[in-house]
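Student: I'd like to ask some things about the structure below.
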Amino acid sequence: MKKEQIRELFNQFENACYGYKGIECWSARELQIIFNYAEWRNFLKVIEKANEACQNSGNTISDHFVDINKMVDLGSGSKREVEDIALTRYACYLIAQNGDAAKTEIAFAQTYFAVQTRKQEIIEQRLLDIARVTAREKLSKSEKKLSAIIYERGVDDRGFALIRSKGDQALFGGFSTNDMKHRLQIPDNRPLADFLPTLTIKAKDFATELTSHNVTEKDLKGEAPISREHVDNNLAVRKILRERGVKPEQLPPSEDIKKVQRRLEGDKNKVLKDARKLIAKKRKE
């Protein structure tokens with residue numbers, strides 16, 4: 001398939017998109033032409049297969065295939081109302097998957113949707129990575145804040161480490177920080193939080209913020225009362241998680257946060273590099 005043909009098919013498909021009740025849709029009648037089906041009845045057979053695939057995947061057919069009517073031009077200059085179907089992007093994907101792959105247009109569509117799906121997966125993963133890195137940075141700030149507050153109330157760095165460890169033990173159902181590192185196979189010289197999933201990081205952050213607030217509000221001083229406060233807050237957070245069916249000590253480890261940060265930074269640098277190339281190219285034109 002030549003580049004010009006690929007570009008034409010891409011533009012045909014994207015330009016056929018229209019808004020229907022606030023959702024991007026495609027007309028089945030137009031898609032019939034784009035996918036090179038000469039007769040409507042033959043294209044309807046492909047749509048029927050796509051309907052079955054939609055239902056088998058657990059989706060509601062009416063959410064993606066909506067029967068509508070449209071006016072078409074006749075050779076005499078008059079118009080006639082014909083049956084049509086408003087298709088979501090997912091419906092178009094299913095039709096392509098169930099179409100005749102011998103047709104160049106269907107082969108293109110199958111490849112197009114495979115690429116688009118991969119792009120969507122990459123975007124979704126990037127958003128998850130950003131959320132996890134942001135949560136980890138927030139926890140670091142919360143712990144520094146708590147450390148500063150309790151330092152002024154007679155607790156040194158060693159005492160803070162003990163308080164934080166007891167908090168972990170309360171949150172993880174009796175497992176200490178070192179226990180959790182062993183369970184999750186985390187190196188001894190790395191923080192536990194660098195390998196925790198986003199949910200657990202946020203749970204630790206919430207408990208830490210509660211402790212900072214209550215230490216100030218209750219004017220707690222000394223390691224023992226502050227430690228009890230931190231344990232109570234972690235137990236309270238654990239109770240919420242357990243009520244929702246989550247045991248934080250049983251959640252699998254996540255990717256090393258440093259690797260995630262490097263990947264995000266690499267993506268950022270690539271975007272900047274590509275942008276500079278594009279600007280340079282525009283200046284030469």
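Student: Among R238, R190, R242, which is the only one that is touching a helix residue (DSSP H, G or I) at 6+ places or on another chain (Cβ under 7 Å) and closer than 29 Å to R126 by Cα?
Tutor: When all the criteria are applied, what remains is R238.
Student: Here is a further query. Being loosely packed, with under 10 Cβ neighbours inside 10 Å, part of a strand (DSSP E or B), in contact with a Lys or Arg (Cβ under 8 Å, 6 or more places away or on another chain) and at negative phi, is that true of even one residue in segment 84-92?
Tutor: no
Student: Which one of these does A203 not meet: (1) closer than 24 Å to I149 by Cα; (2) modelled with pLDDT under 95?
Tutor: Failing condition for A203: (2).
Student: Restricting to segment 1-17, name every residue that is of a type in the set (K, R) and not in a helix (DSSP H, G or I).
Tutor: Of everything in segment 1-17, just one residue is of a type in the set (K, R) and not in a helix (DSSP H, G or I), namely K2.
Student: What residue, of S142, S147, is free of Cβ contacts under 8 Å to residues at least 24 places away in the same chain, among the polar types (S, T, N, Q), out of contact with any Cys (no Cβ under 6 Å at 6 or more places or on another chain) and assigned by TED's automatic domain parsing to the domain that holds L184?
Tutor: S147
Student: Then there is this: When you scan segment 1-37, how many residues do you find that are aliphatic (A, V, I, L, M), buried (at least 19 other Cβ atoms within 10 Å of the Cβ) and touching a strand residue (DSSP E or B) at 6+ places or on another chain (Cβ under 6 Å)?
Tutor: Of the residues in that region, 1 qualify.
Student: I would also like to ask the following. Mind listing whichever residues of segment 18-36 are assigned to a loop (DSSP other than H, G, I, E, B) and either in contact (Cβ under 8 Å) with a residue 40 or more places away in the chain or outside the structural domain of S62 (by TED's automatic domain parsing) (or both)?
Tutor: Once the filter is applied, which keeps residues that are assigned to a loop (DSSP other than H, G, I, E, B) and either in contact (Cβ under 8 Å) with a residue 40 or more places away in the chain or outside the structural domain of S62 (by TED's automatic domain parsing) (or both), segment 18-36 yields F35, N36.
The values are calculated or read from the model by the stated rules, or taken from the named source; none is laboratory data. The structure displayed is predicted, hence computed values, not measured ones. Every residue, glycine as well, gets a Cβ built from its backbone with ideal geometry; the counts of neighbours run over all protein chains shown.
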